[in-house]
Amino acid sequence: MDPITAMLETVLEEVRPLGSGAPAAYIPELASADVGLLAFGVVGPRGRVFTVGDEDATFTIQSMSKPFVLALALENLGREEVLARVGAEPSGEPFNAISLEAHTGRPANPMVNAGAIATTALIPGADIDDRTGRIVAMMSAFAGRSLWIDESVYASESSTGERNRALAHLLKSYGIVTGSVDDAVESYFRQCSVLVTVRDLAVMAATLAFGGVNPVTGSRVVSERVARDVTSIMASCGMYDFSGEWLLRVGLPAKSGVSGGVIAVAPSQFGVAGFSPRLDVHGNSVRASAFMEIVSDRFGIHLLEPHESVAAPGVSVIETPEGPLVRLGGELGFAGAERVLSLLREITAAAPHASLITVDASELARLHPAAVMVLRTEVESLSPRVRLLV
Ligand code: GLU
């Protein structure tokens, strides 16, 4: 067994004994879930997928669909048009609360039901099937395989979904939903009923973690800006009325669903997913949440953990017949550019006057615009002794 799978297995066995909570009771098809099921998946930068536990178990995506439908809305309409219909503030209330802004009727955020229904209504479509087709296609691109809908969960959800219908009618009364209420809410029920495994969810989370590029298929699914916007909203609003404490304890943008799944995003590092049907009082999976907390701590992936690498780019100095060659590697951010400047000054002072100093930034994996500006200005001031290759 490879060391990463072994580490995940250890954490899986640590959380297995946790027996509190109960599966969601308000959707009959979810209430009968096998509470013994337990599975986790992690996907890293090279698209390697690690899964442990009941990795073949399928379950419905439920609220974990919300970030991906938001991504589709942002990609189609742009940030401002989406924000005109749905906010970006944590509601501090349960997932099915009314949470509408006084006077405007704008839902607090796209991660609670009211906001998610408003977001779904923004997706174009001639009818329910057309709109759902676009949504499922987007989720499939995130997962890297064709996903489909569990018709019995959909039927169960639709037949008991009066509260969501009421929310949709309220949204219509405020002009947030403009088309058919029925189409909006049924499309929402269908998006919640898409079947997934932890592997699918981990790949979907990883696609957000790697700036909108699916690391398994190598395809760009959404723009980097859209991936960042979605992840930001997950960070502040993804875990229902536990979002603040989640950020403290786990420190990863995340989204849970009432089926017992949780996805978490460690930007540039991992997509993580967990599944276990028993939920706590907030509607978050007890064992999947505990798993994420342990993994975040043990793997050191809390978002607010300090990272040296951005401030310390890889630098190597090679002597060539022309003069010193300064090769930059990895990521060069603003703080890192500052370090490169002081190194450049030292090299310029020490190098013989006739030599040409070359700064090679062409191999950088990532170069931030502010860093390149700082570097260019400095190189221009040292010209003609220093030249920059970007
Ligand atoms: N389909 C569920 C509902 O709207 C999703 C809720 C959830 O996963 O939080 O009731």
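Cα convex hull, the stretch 239-390: 119 Å³ per residue, rounded to a whole number.
Quick one: net charge around Met7, please, counting Lys, Arg +1 and Asp, Glu -1 for every other residue with C-beta under 13 Å from its C-beta. With Lys, Arg at +1 and Asp, Glu at -1, the neighbours total -4. Computing Rg and the Kirkwood Rh from the Cα coordinates of the stretch 119-172 gives a ratio, Rg/Rh, of 1.01. What the Cβ-Cβ distance of Leu18 and Ser146 gives, at R0 = 41 Å and to the nearest 0.05, is a FRET efficiency of 0.75. For Arg249 and Tyr26, the FRET efficiency from 1/(1 + (r/R0)^6), where r spans their Cβ atoms and R0 equals 22 Å, is about 0.25. When both the stretch 1-71 and the stretch 187-226 are represented by their alpha-carbon centers, they are found 15 Å apart. Site pair Arg385 and Ala126 shows an inter-label distance of 7.0 nm when each label is modelled 7 Å from Cα along Cα→Cβ.
I'd like the FRET efficiency for Glu89 and Leu343, computed as 1/(1 + (r/R0)^6) with the beta carbon distance as r and R0 of 41 Å, rounded to 0.05. The value I calculate is 0.40. Cα axis of helix 113-122 to longest principal axis of the chain: angle in degrees, 0 to 90, nearest 10? Tilt relative to the chain: about 70 degrees. Model label points for Val35 and Thr217, set 7 angstrom from Cα along the Cα-to-Cβ axis, are 3.8 nm apart. Here the stretch 315-390 and the stretch 254-293 have alpha carbon centers that stand 44 Å from each other. Projecting label points 7 angstrom from Cα along Cα→Cβ for Ser316 and Glu224 puts them 2.5 nm apart. Taking only the alpha carbons of the stretch 53-118, we obtain Rg and Dmax values of 13.7, 48 Å in that order. Hydrodynamic analysis of the stretch 1-41 uses the Kirkwood radius over alpha carbon pairs. Inserted into Stokes-Einstein at 10 °C and 1.306 mPa s, it gives a translational diffusion coefficient of 131 µm²/s. Dividing the radius of gyration of the alpha carbons in the stretch 297-383 by their Kirkwood radius gives 1.05 for Rg/Rh. Note on the chain: the C-alpha convex hull projects to 21.4 nm² when averaged across all orientations. Net charge around Arg165, counting only other residues with Cβ within less than 10 Å of its Cβ (Lys, Arg = +1; Asp, Glu = -1)? Residues near Arg165 contribute -2 overall. The slack between Glu81 and Ser180, meaning 0.36 nm per residue of separation minus the straight C-alpha distance, is 33.7 nm. Mean residue ellipticity at 222 nm, helices only, the chain: -13500 deg cm²/dmol; runs of at least 4 DSSP H residues each add -39,500 (n - 2.57), and the sum is divided by the number of residues.
Quick note: the coordinates plus some simple rules give every number you see, no bench work behind them. Fair warning: this is a prediction, and the values are worked out from it, not measured in the lab. Cβ: placed from backbone, ideal geometry, glycine included. Neighbour counts: every protein chain shown.
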